[in-house]
Each structure stands twice: as C-alpha cells, then as structure tokens.
Amino acid sequence: MDIRADMLSRLKNRKPGYSLDRPFYIDPDFHKIDMETIWYKDWLFIGHDCEIPDAGNYLTVQVGDYAVVILRDNEGAIKAFHNSCRHRGSRVCQEHRGKAAKLVCPYHQWTYDLDGSLLYARQMGENFDTSGFGLKPVACEAAGGYIFICLADEPMDFAPFRATMEPYFLPHRLREAKIAYESTIIEKGNWKLVWENNRECYHCAGNHPELCKTYPEAPTASGVSGADDDPEIVEHWAKCENIGLPSKFKMDLPAGQFRTARMPLLRDAISYTMSGRKAVQMRLSDQINMDRIGTLLLFHYPTTWNHVLSDHALTFRVMPLSATETAVTTKWLVHKDAVEGIDYRLDELIHVWTETNDQDRQIVEENARGIHSPAYQPGPYSEVHEGGVAQFVDWYSTFMQDRLAGTAKPALRSVA
C-alpha cells in the first residue's frame with residue numbers, strides 16, 4: 001500500500017481516546033510525510049524579537065531540510081530568508097546567532113543586503129545581473145514578542161493567532177526582555193511523543209518533584225478544558241483581569257491548534273523555584289504591579305509551549321530531527337535591565353525546569369523504547385488526566401486526514 005494511503009487509513013480507523021499506531025512514532029516514511037504536511041506548511045515558532053534588537057542581528061534555524069536565517073533589517077522590520085546562497089547553495093550565515101551589516105557568503109563572498117538583495121558577486125562577468133539572485137524570502141510574522149516563520153509558498157492566515165495571543169502577552173513586554181539562558185536537549189523520541197508528554201501532568205507527581213512544589217497537577221490546570229468549573233482558577237482569573245491581564249481560557253475553534261490561559265500556582269508561589277519565591281527580583285514587565293499572577297500558558301502546535309510569570313518567562317521550541325529524535329530548546333527571559341548576580345542567581349532561575357526537562361527527556365526516551373517493540377499496541381488515555389493528550393492527537397489526526405485526503409481548505413496568505 002502507498003505510504004500516504006496507509007497513513008490515511010490508519011488515521012481514519014484509529015480508536016478515539018487511544019494513542020497512535022506504532023509507525024506514527026518510529027517510521028521514517030511517516031515522519032517524512034509529517035514534515036511535508038505539517039512542518040513545511042504551518043507557522044513555526046522560532047525565537048523572540050528581543051534576540052534581534054538591532055539592524056543586522058540574526059538568528060539561524062534548521063527545519064528539516066530547510067536552513068533559514070531570521071534578521072532585523074535596516075528599517076527595523078523582522079524578515080526571514082532561506083539561508084542558501086544563490087550562487088552554489090552554501091549556507092550564508094553559519095552561526096546560531098550573530099550581527100552583520102551585510103550578509104556575506106563565506107564560500108565565494110557573494111554579499112547580500114539585509115533586505116535579501118544581492119549587492120555584490122565577485123568576478124561573475126560584465127553582463128551578470130545581480131537583481132535576479134537575491135536570497136529567497138520565507139514568510140515571517142512577529143506577535144507579542146514571538147517570531148514565527150512559515151515555509152509554505154501560500155501560508156495559512158496568521159491573523160487569528162495574533163488576535164488571540166497578543167492581548168494576553170503584550171502586557172508582559174517580552175519584546176523588551178532579554179534571554180538570560182538558553183538550552184537545547186536532544187530527546188530520542190518522535191516529536192509527537194514530546195508533545196503527548198507535555199500535554200498531561202498525570203506523570204508529574206511520580207517524576208517531577210521540583211516542578212510539583214509550585215505547579216498544580218490538577219487536570220483543570222493543563223489549559224484544555226474544565227477550568228471554568230474550578231473555583232480557584234475562576235477566582236484567579238478575576239483577580240488578574242481586575243489589573244488588566246486577560247486570563248480566561250481561550251482556544252481557536254474547531255481546530256484547537258493554539259490556546260492560552262493564565263493558571264494559578266500552588267499556594268502562595270510566585271515563580272518556578274524550590275521555595276516558590278521570586279527567581280528574579282525585578283519584575284519581567286514594568287506594566288504589571290502584582291507578583292502572584294501565576295503562569296500564562298500558551299500552546300501552539302507543532303512548535304511551542306510557554307510559561308510567563310511575573311518575574312520571568314519560559315519558552316519552549318520543539319524541532320524534529322528525525323523520526324526518532326527531537327530537539328527541545330528552552331529560553332529563560334528576564335527584564336532587559338536585570339543583572340545576573342544582583343537581580344537573580346542563574347542557578348536558581350533555571351534549576352526547576354532544567355531538572356524537569358531532563359526528567360521529561362528520560363520519560364520520552366523510555367516511551368519510545370517501548371513503542372519500538374513489536375508488542376506495542378495503542379493504549380487508552382485517562383479521561384480524567386489526559387484530555388490534553390487526546391486533544392493533541394485529535395488535532396494531529398484531523399489535520400493530517402484533511403491534508404492527506406485533499407479536503408483541507410485552501411491556504412491563505414497572512415493578512416496581519
């Protein structure tokens with residue numbers, strides 16, 4: 001059977017509320033279709049405005065086969081280009097991040113302006129026209145301090161996500177923050193296993209002693225549903241909205257690809273520390289005058305989940321490397337004027353989530369090892385604790401079926 005037809009058949013016949021068939025987690029051909037259908041078509045979180053504050057600042061990222069550079073141009077706009085020289089294809093920008101007045105390919109010194117246009121091509125002959133050989137653009141959007149790219153020729157509409165996300169995030173002023181620390185770990189498991197593990201706290205009590213000092217494992221705190229019936233969460237929403245912070249659960253319907261909500265931490269905790277006290281003495285935003293605002297959650301499939309607190313923010317980026325390897329990048333953001341050693345201790349700031357990330361890595365890898373066994377078969381999700389996992393798998397299944405069957409709505413260009 002054709003791989004796409006096999007994939008479509010398995011999705012159509014899967015049992016609701018159960019995990020996926022084995023090939024979805026380990027098969028290189030299924031992974032290739034994931035990349036072509038989701039990762040090369042949808043909006044992907046890459047980084048933050050504050051990482052490229054000035055003209056010439058750039059970030060690079062590898063999305064499957066595609067090398068991309070994201071930069072701030074001379075007019076202050078954030079743009080993205082395929083990081084492939086129009087001469088013979090070498091990567092132009094080779095560092096993870098940097099700054100350059102012009103982008104110069106190290107191979108033969110072809111030189112590009114920050115708008116992507118080719119300025120100089122050494123010894124190409126008198127009749128060579130540089131105007132036809134600029135860097136190829138990649139769709140790029142910034143919202144609430146976050147940068148997203150889309151590799152599709154006709155990207156889906158970005159405006160609904162911006163409209164949902166920005167009212168929640170703009171008060172935190174992440175555009176003006178700075179990265180205090182960044183880490184990337186490689187998890188030896190499929191990207192969907194990374195997401196499934198993230199979307200529930202059924203495993204938290206037995207695996208995350210540091211996180212459980214401040215983060216509730218109640219299923220209503222997972223940002224999926226049921227929070228409206230939890231009086232503690234409703235009270236927290238009212239308290240935060242009274243100071244101008246949108247907080248109530250909001251999800252795009254019917255897809256459920258992204259949603260956001262503000263959740264209380266346990267007891268009187270302010271931040272993700274072993275004590276629950278602030279990790280950073282300076283608030284993340286000068287616009288917010290209260291410490292106990294809990295954590296603002298944001299999920300956007302397939303690349304990012306987030307926690308934004310009063311003293312710092314944590315952003316996570318998922319990037320598949322193969323059918324059985326996934327890179328998870330975590331960034332800790334603090335106020336732009338916060339000074340390490342004075343306003344915060346780095347070890348205290350990163351401890352809880354450094355431990356939690358490594359614990360999750362071990363969980364995902366053991367999950368993957370078990371799925372590699374021919375004895376594996378899909379199992380049921382907990383109706384009490386794993387609604388978020390079921391929702392993610394439902395999104396994946398619906399999205400893939402629509403694309404594989406050719407019934408998806410036509411892609412739209414961003415109108416934001």
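Close Cβ contacts (under 9 Å, 6 or more residues apart or on different chains) running from residues in segment 115-134 that are free of Cβ contacts under 8 Å to residues at least 12 places away in the same chain to residues that are outside any strand (DSSP E or B) and of a type in the set (Ser, Thr, Tyr) comprise Tyr120/Thr130; Met124/Thr130. In a loop (DSSP other than H, G, I, E, B), surrounded by 20 or more Cβ atoms within 10 Å (Cβ to Cβ) and of a type in the set (Gly, Ala, Ser): does that describe Ser275? No. Residues in segment 219-246 that are polar (S, T, N, Q) and at pLDDT 95 or above: 1 in all. Scan segment 283-300 and tell me whether some residue there is touching a Gly at 6+ places or on another chain (Cβ under 9 Å) and assigned to a loop (DSSP other than H, G, I, E, B). Checked against the condition, which is being touching a Gly at 6+ places or on another chain (Cβ under 9 Å) and assigned to a loop (DSSP other than H, G, I, E, B), segment 283-300 yields at least one hit. For the structure I just gave you, tell me whether Asp21 is crowded, with 18+ Cβ neighbours inside 10 Å and of a type in the set (D, E, K, R). Against the criterion (crowded, with 18+ Cβ neighbours inside 10 Å and of a type in the set (D, E, K, R)), Asp21 qualifies. Pairs are defined by a Cβ separation below 6 Å, a sequence spacing of at least 6 or placement on different chains, a first member in segment 183-201 that is crowded, with 23+ Cβ neighbours inside 10 Å, and a second member that is hydroxyl-bearing (Ser, Thr, Tyr) and part of a strand (DSSP E or B); the pairs so defined are Glu187/Thr326; Trp191/Thr326; Val194/Thr326. In segment 303-402, counting only strands (runs of 3 or more DSSP E) that sit wholly within it, the ones holding 2 or more residues that are touching a Leu at 6+ places or on another chain (Cβ under 6 Å) and outside the structural domain of Tyr146 (by TED's automatic domain parsing) span 304-308, 325-335.
Of the strands (runs of 3 or more DSSP E) lying entirely inside segment 131-212, those carrying at least 3 residues that are of a type outside the set (Val, Ile, Thr) and assigned by TED's automatic domain parsing to the domain that holds Arg361 are 177-187.
Taking the criterion of being within 13 Å of Cys85 (Cα to Cα) and part of a loop (DSSP other than H, G, I, E, B), the residues of segment 101-130 that qualify are Cys105, Pro106, Tyr107, His108, Gln109, Trp110, Asp113, Gly116, Ser117, Ala121.
For segment 58-77, give me each residue that is under 27 Å from Lys336 (Cα atoms) and surrounded by fewer than 17 Cβ atoms within 10 Å (Cβ to Cβ). Before the answer, list the steps.
Restricting attention to segment 58-77, the residues satisfying the condition of being under 27 Å from Lys336 (Cα atoms) are 58-61, 68-77.
If the condition is that a residue be under 27 Å from Lys336 (Cα atoms) and surrounded by fewer than 17 Cβ atoms within 10 Å (Cβ to Cβ), then Asp73, Asn74, Glu75, Gly76, Ala77 are the ones that fit.
Residue count for segment 217-264 satisfying the condition of being more than 22 Å from the chain's Cα centre (by Cα), aliphatic (A, V, I, L, M) and either under 23 Å from Gly206 (Cβ atoms) or part of a helix (DSSP H, G or I) (or both): 5.
The values are calculated or read from the model by the stated rules, or taken from the named source; none is laboratory data. From a predicted model like this one, the values you see are computed outputs, not experimental measurements. When we count neighbours, we look across all protein chains shown, and the Cβ atoms used for this are built from the backbone with ideal geometry, even at glycine.
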